[in-house]
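First the structure, in the form of structure tokens, and then the observations on it.
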Amino acid sequence: MRFRRTTTRLAMLGAAALLVTACGGNGNGDDQQAEATAGQTVQVSATFAEGGEGPAYTYDTELVPVGATVEVTSEESEGSTTTTLRVTGLQPNRTYGSHAHTQACTPEDGADAGPHYQFSEDPVTPSVDPAYANPQNEIWLDVTTDGTGAGESTSTVPWTFPDDRRAESVILHEEPTATHAGHAGTAGGRPGCVTVDF
């Protein structure tokens, strides 16, 4: 099993702080502006397995075979977040729904990853209102595989995660994501999950 995570936020914040100092930052909000323009990049590469230590789990080995791979890269920059999902070894020529979720994966059940992460949280749960369950308020990464079971998708949203409320995983769902009222954001079961330290 491979697990790789890269975080560059501290280095970027350090560079931003040096820039503020070099430009004569006076301590009256300049440092906050530097931190706001700095970003964070996270990358996780893993192989799906049943049980074990993760970070990637399969709960349905037909839809997400043991040995399939997943890579998630997420980068925050200048008020937006771009997330890319890459998969190999899934069922060929199939569309999987995929979204960022609020909790980390567990070996037992995909439901443990909680609901979709929403920047503006729907006061009603489960959230199926397209005013909240949409690809600008959530990170949607629906992916269609090719004849070999490989696929890639990218989401860009016009916000960055608050430090005290960040997504913690990406779920693969069994169906494409619905968009109509009363079903918005739904995508069937949760055959696979990868923990991502957004």
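The values are calculated or read from the model by the stated rules, or taken from the named source; none is laboratory data. Here the structure is a predicted model, which is why all the values come from computation and not from measurement. When we count neighbours, we look across all protein chains shown, and the Cβ atoms used for this are built from the backbone with ideal geometry, even at glycine. Just the protein is used for accessible areas: all its heavy atoms, side chains included, with ligands, DNA and RNA removed. Shrake-Rupley method; radii C 1.70, N 1.55, O 1.52, S 1.80 Å.
Determine if region 115-128 includes at least one residue that is buried (at least 18 other Cβ atoms within 10 Å of the Cβ), at pLDDT 95 or above and not in a loop (DSSP other than H, G, I, E, B). Within region 115-128, one or more residues are buried (at least 18 other Cβ atoms within 10 Å of the Cβ), at pLDDT 95 or above and not in a loop (DSSP other than H, G, I, E, B). Per the listing L141, L172, the residue uniquely surrounded by 14 or more Cβ atoms within 10 Å (Cβ to Cβ) and under 23 Å from E78 (Cα atoms) is L141.
For region 158-169, a residue qualifies if it is within 20 Å of A187 (Cβ to Cβ) and surrounded by fewer than 20 Cβ atoms within 10 Å (Cβ to Cβ), and exactly one does: E168. Here A178 fulfils each of the conditions (1) touching a helix residue (DSSP H, G or I) at 6+ places or on another chain (Cβ under 9 Å); (2) over 29 Å from G52 (Cα atoms) apart from (1).
In the set (1) over 13 Å from the mean Cα position of the chain (by Cα); (2) acidic (D, E); (3) modelled with pLDDT of 95 or more, the condition left unmet by D163 is number (3). Residues that are among the acidic types (D, E) and touching a strand residue (DSSP E or B) at 6+ places or on another chain (Cβ under 8 Å) do occur in region 119-141. Residue by residue through region 57-106, note down the ones that are open to solvent by less than 40 Å² (accessible area, probe 1.4 Å) and aromatic (F, W, Y). If the condition is that a residue be open to solvent by less than 40 Å² (accessible area, probe 1.4 Å) and aromatic (F, W, Y), then Y57, Y96 are the ones that fit.
For residues that are at pLDDT 90 or above and small (G, A, S), scanning just region 34-51, find the one that is surrounded by the fewest Cβ atoms within 10 Å (Cβ to Cβ). Restricting to residues being at pLDDT 90 or above and small (G, A, S), the top hit is G51.
Name the residues in region 103-137 that are in contact with a His (Cβ under 8 Å, 6 or more places away or on another chain) and more than 13 Å from I171 (Cα to Cα), would you?
Result: S127, V128, P130, A133.
For Q136, the criteria (1) open to solvent by less than 70 Å² (accessible area, probe 1.4 Å); (2) of a type in the set (S, T, N, Q); (3) under 18 Å from the mean Cα position of the chain (by Cα) hold in every case but one, which is (1). With the condition kept exactly as written, say whether any residue in region 175-189 is farther than 14 Å from W140 by Cβ, of a type in the set (D, E) and open to solvent by 50 Å² or more (accessible area, probe 1.4 Å). No, the conditions are met nowhere in region 175-189.
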